[in-house]
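Data first, discussion second: the structure below is written as structure tokens.
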Amino acid sequence: MVTVNESLPALRWGIIGTGLISSWFTSDITAPRKSPKANHIIQAIGSSSLEKGKSFVSQHLPTLSPSPTVYPNYQAVYDDPNVDIIYIGTPHALHKQQCLDAIAAGKHVLCEKAFTLNASEARDVLAAAAAKNVFVMEAMWTRFHPLVATLHKVLHEEKAIGDVHRVYCDFGLDIDLASLPSTSRLRDPAMGAGSLLDIGIYALTWGLLTLDPGSAEDKPDIVAAQTLRDGFDIASSFIITYPSTGRQGILTSTMQSRTPETFLRIEGTAGYILVEGPAASLPRSFSVCPKIKLGSPPEEGRKYEFEVEGKGFYFEADAAAESISQGRKENEIMPLAETVRVMEILDEIRRQGGATFPQEEAV
Ligand SMILES: NC(=O)c1ccc[n+]([C@@H]2O[C@H](COP(=O)([O-])OP(=O)(O)OC[C@H]3O[C@@H](n4cnc5c(N)ncnc54)[C@H](OP(=O)(O)O)[C@@H]3O)[C@@H](O)[C@H]2O)c1
């Protein structure tokens with residue numbers, strides 16, 4: 001039985017797609033928590049087949065009561081009058097049309113990253129959302145992790161390492177691509193395959209979060225290189241440079257080797273910060289270290305640790321619930337202009353690096 005706290009905002013979710021991320025998201029937002037900020041009800045599941053949808057529920061949401069309605073398609077979820085918001089957990093190439101379909105049915109949307117294949121698609125979605133007056137947010141869950149707000153304070157308010165001038169961030173996974181079917185979203189360019197939109201987007205996000213003041217007008221210069229294989233990028237490396245300050249972000253993604261725990265280093269005039277976690281999407285701690293002195297071993301620095309219950313997908317879900325309960329159409333932690341800015345930078349990296357999607361070539 002779902003325990004409902006009447007004083008908290010509530011959202012009835014319709015889930016589109018029953019793959020990996022939908023399993024993480026739904027089990028995480030429905031698990032009991034010490035201090036929930038919202039009530040999340042999984043109202044409906046849309047899948048390519050009834051059998052697959054039901055198996056998803058029995059595998060990942062076995063104790064939910066009432067059990068979600070399972071539909072053998074996505075449209076029925078958009079049309080369900082008991083659904084408030086659609087969570088889109090399908091390959092990136094499908095996001096635009098699914099967002100448009102959900103919005104046309106008058107539903108709010110939380111759409112997985114990458115929000116769309118490119119900035120043009122993202123703008124189309126946002127125009128439709130504005131016309132229908134519904135809430136839309138990109139599910140870049142890492143931005144909602146409590147570590148990010150503390151890091152921002154330590155970096156930009158306390159100026160614990162002085163002026164930030166350079167950032168290194170890597171998101172690498174060791175993926176045995178040959179063992180995956182050619183239809184896998186990780187291999188199929190028509191589904192948006194490639195390291196950049198899958199994981200490079202996190203490296204870019206950390207670069208933007210730590211280097212810039214967060215204004216959508218503040219566009220860094222970009223120099224990028226990509227390694228293409230079988231029609232998609234298996235590695236992307238890019239440097240973002242802010243002309244006004246000279247700050248640099250050296251940001252990378254690869255499908256060929258896993259990044260060690262320390263995935264991010266932020267350098268300043270008075271020291272540096274190391275951010276650790278199992279992946280760049282999932283930070284766990286950071287250490288603020290003084291400058292390394294020539295001839296002396298590096299000092300350990302002050303460590304900030306963040307234990308979260310479950311995986312932490314509920315931070316973004318709670319934020320969506322709060323914004324919607326206040327009648328807002330976007331959330332200030334992942335604003336729509338920032339989603340478009342991220343997509344524009346990814347477009348520029350691909351323009352320089354050479355990765356394209358078949359949908360774009362046909363245009
Ligand atoms: N936030 C994160 O940490 C995180 C982690 C992983 C992935 N993601 C994002 O989530 C999205 C989905 O990734 P995933 O790893 O969950 O993918 P996945 O395991 O392959 O699942 C995708 C699901 O989408 C549905 N789908 C519909 N048409 C499809 C098609 N033509 N090919 C493949 N699947 C199709 C399928 O569900 P049905 O058959 O039930 O319709 C499938 O199970 C991506 O945009 C990815 O970037 C985010």
Fraction of beta bridges assigned by DSSP in the chain that are antiparallel (%, nearest 5): 55 percent
Length-normalised contact order for the chain - Cα pairs under 8 Å, 6+ apart - percent: 18 percent
Value of relative contact order over segment 40-112, rounded to a whole percent, pairs C-alpha under 8 Å and six or more apart: 30 percent
Solvent-accessible area per residue for segment 311-359 (1.4 angstrom probe, square angstrom): 37 Å²
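Place a +1 charge on the Cβ of each Lys and Arg in the chain and a -1 charge on the Cβ of each Asp and Glu, then give the dipole magnitude about the Cα centre in debye, rounded to the nearest 20.
Details: 33 positive and 44 negative charges, 72 e Å.
Roughly 340 debye for the chain.
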Lys, Arg +1 and Asp, Glu -1 on Cβ, resulting dipole of segment 288-363 about Cα centre, debye, nearest 20: 360 debye
Assigned charges on the beta-carbon of Lys, Arg, Asp, Glu; segment 76-162 dipole about Cα centre (debye): 280 debye
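For Arg302 and Ser7 in one chain, what is 0.36 nm times their gap in residues minus the Cα-Cα distance, to one decimal in nm?
Numbers: separation 295, 0.36 × 295 = 106.20 nm, distance 3.80 nm.
Extra length from Arg302 to Ser7 when fully extended: 102.4 nm.
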Rounded to the nearest 10 Å², the accessible area of Arg33 at probe 1.4 Å: 40 Å²
Cα long-axis angle, helix 50-60 against the chain (0 to 90 degrees, to the nearest 10): 50 degrees
Percent accessible area from carbon and sulfur atoms, segment 233-286, protein chains only, probe 1.4 Å: 53 percent
The chain: most fluctuating residue of Glu300, Glu322, Glu261 per GNM, C-alpha cutoff 10 Å: Glu300
Solvent accessible area, Å² - Thr269, 1.4 Å probe, full protein context: 70 Å²
Between 0 and 90°, nearest 10: helix 119-132 axis offset from the chain longest Cα axis: 50 degrees
The chain: most fluctuating residue of Gly46, Gly207, Gly327 per GNM, C-alpha cutoff 10 Å: Gly327
Degrees between helix 201-211 axis and first principal axis of the chain (Cα, 0 to 90, nearest 10): 50 degrees
GNM top mover of Asn331, Asn118, Asn82 - the chain, alpha-carbon springs below 10 Å: Asn82
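The values are calculated or read from the model by the stated rules, or taken from the named source; none is laboratory data. All values derive from a computational prediction rather than experimental measurement. All Cβ positions, glycine included, derive from the backbone under ideal geometry; neighbour counts span all protein chains shown. Please note that ligands, DNA and RNA were not included when accessible areas were found on the heavy atoms of the full protein model with its side chains. Shrake-Rupley method; radii C 1.70, N 1.55, O 1.52, S 1.80 Å.
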